[in-house]
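Notes to accompany the following structure.
The values are calculated or read from the model by the stated rules, or taken from the named source; none is laboratory data. Bear in mind the structure is a predicted one, so any value in this text is a computation, not a measurement. Because the Cβ atoms are built from the backbone with ideal geometry, glycine has one as well, and the counts that use them run over all protein chains shown.
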Amino acid sequence: MAATETIQIPLGFKAPDFSLPDTISNRMIGIKDVQGEKGTVVMFICNHCPYVKHVLKELIDIGKKYTHLGIGFVAINSNDVENYPDDSPEKMKELAQQAGFSFPYLYDETQVVAKKYYAACTPDINVFDASLTCIYRGQIDASRPKNDIPVTGADLRHVLDCLLQGKTIPTVQIPSIGCNIKWKKTNAAD
């Protein structure tokens, strides 16, 4: 497992649109379908990553709380399922149902959406304001597998609270860290 950080790119970009299948409902979902009245969280996660497993309950709890406050949520899995079958759409649906996801869990088979969002790791978290302008790309909190820091969601919760209260979003944003996205091999040179 190679620890990879979120790619730090300038904030202020617009959320790229997409049309991806939701493994839970079997519907095609786009950014406008998940956009919240006050903001939107786009998370790149997967089933097998120990970093995601470590924070998954907290992500689900945050999703449940803030959806009721006008924040939209979506999770996207962009991993190569041929080499990582635990991340297959069938397994995604199973996990979402068992864990009680309150948000869509989309499958990015072509990996185009991950590239549009500059996603590099799982979890990779993006927060957008009401106009779908990126205001945050960072960690959920400082907890990592085996570092003995409790999972609280403090960083993500703080950003969402600031967004809802019209306060300044923190400019110091600590990148998320997790397993690298499992990219498909496109040719023999890769």
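Observations, loosely collected:
- Residue count for the range 33-53 satisfying the condition of being in a helix (DSSP H, G or I) and within 14 Å of the chain's Cα centre (by Cα): 4.
- Odd one out for Tyr107, checked against (1) under 26 Å from Ile174 (Cα atoms); (2) of a type in the set (Ser, Thr, Tyr); (3) touching a helix residue (DSSP H, G or I) at 6+ places or on another chain (Cβ under 9 Å): (1)
- Complete set of residues in the range 13-34 that are surrounded by 18 or more Cβ atoms within 10 Å (Cβ to Cβ) and either within 22 Å of Tyr136 (Cα to Cα) or of a type in the set (Lys, Arg) (or both): Ala15, Phe18, Ile31, Val34
- Residue in the range 18-27 that is of a type outside the set (A, V, I, L, M) and either in a helix (DSSP H, G or I) or under 22 Å from Gly166 (Cα atoms) (or both) present: no
- Taking every residue in the range 53-64 that is at pLDDT 95 or above and pairing it with any residue that is assigned to a helix (DSSP H, G or I) and of a type outside the set (A, V, I, L, M, F, W, C), at least 6 positions away or on another chain, the pairs with Cβ-Cβ distances below 8 Å are Ile62/Arg157.
- Exactly one residue out of Asp190, Asp129, Asp148 is at pLDDT 95 or above and of a type in the set (D, E, K, R), and it is Asp129.
- Hey, Val159 in contact with a Pro (Cβ under 9 Å, 6 or more places away or on another chain), of a type in the set (A, V, I, L, M) and surrounded by 14 or more Cβ atoms within 10 Å (Cβ to Cβ) or not: yes
- Scanning the range 102-127 for residues that are of a type in the set (Asp, Glu) and in contact with a Phe, Trp or Tyr (Cβ under 8 Å, 6 or more places away or on another chain), we see that the one that is farthest from Lys38 (Cα to Cα) is Asp108.
- Selection count, the range 23-48, where residues are closer than 19 Å to Gly100 by Cβ and in contact with a Ser or Thr (Cβ under 7 Å, 6 or more places away or on another chain): 3
- Number of positions in the range 67-101 that are within 29 Å of Gly39 (Cβ to Cβ), assigned to a loop (DSSP other than H, G, I, E, B) and among the hydroxyl-bearing types (Ser, Thr, Tyr): 1
- Only a single item in (1) in a strand (DSSP E or B); (2) in contact with a Phe, Trp or Tyr (Cβ under 8 Å, 6 or more places away or on another chain) is not met by Pro145, and it is number (1).
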